[in-house]
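In what follows, a structure is listed as structure tokens, so that the remarks can point back to it.
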Amino acid sequence: MKHRSMKISIITMVFSILLVSVTANQAAAESVPEWVKNNALWYGQGDISETEFLNAIKFLIENGVIVIESAEEVVSEAMEAQIIIPNGNFDVSGSGVYLPLNLEITTNTKVTWVNDDSVPHNIQSQDELGNVIDLFNSPPLNTGDRFEFTFEEAGVYNYYCSFHPWRVGVVSVK
Ligand SMILES: [Cu+2]
């Protein structure tokens, strides 16, 4: 009995990996060889050993049919942060700075700027000298509009609004 329940848990584990891989690598999944399918059947019937069955799974992994993503990657892909362009941001004499003014994030965080001001703004990435560079550059954002950019590399990223050049902000990526 003990042997049988262990066999079932291994089958469950393999099938859950296959469920992930079917969406991640559908083209390759279509190329699962017949002998691997037969091995799965024979293993279920108790005709072959666990070693033989696991060798078939190993073959799928080595040939890229099963793609295993680490949990860490999945978590980092889901990271998100927001920068609010607050009401009054346009006013040079006001204190309507970006919230936060210096956003600190880790790599692979998706940042969304939200225009909560009553007038349009844009987001233009700048080099350390204040020149606009082609990295993250939004169209004009009307009230309520959003702009997204995912920071994949560590560094300090400056930006400003070309309509209101006194409004500068920073995104620090670790
Ligand atoms: Cu602006």
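The values are calculated or read from the model by the stated rules, or taken from the named source; none is laboratory data. Here the structure is a predicted model, which means the values were calculated and not measured. Reconstructed Cβ throughout: ideal geometry from the backbone, glycine too, with neighbour counts over all protein chains shown. With ligands, DNA and RNA removed, areas are computed over all heavy atoms of the protein, side chains included. Shrake-Rupley method; radii C 1.70, N 1.55, O 1.52, S 1.80 Å.
Once you have a ≥ b ≥ c as the square roots of the Cα gyration tensor eigenvalues for segment 76-173, tell me rounded if a/c is under 1.5, and otherwise prolate or oblate according to whether a/b is larger than b/c.
Values: a/c = 1.75, a/b = 1.39, b/c = 1.26.
In terms of gyration-tensor shape, prolate.
Can you order the peptides 124-135, 156-167 by their average number of other Cβ atoms within 10 Å per residue, highest first? Mind showing how you got there, number by number?
On the way: 124-135: 12.1, 156-167: 17.1.
Order by mean packing, descending: 156-167, 124-135.
On full extension of the chain, what length is gained from Glu152 through Glu128, given 0.36 nm per residue of separation minus the C-alpha to C-alpha distance? Walk me through the numbers before you get to the answer.
On the way: separation 24, 0.36 × 24 = 8.64 nm, distance 1.87 nm.
Contour length minus the Cα-Cα distance gives 6.8 nm.
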Carbon/sulfur accessible area of segment 69-174, % of total, 1.4 Å probe, equals 53 percent
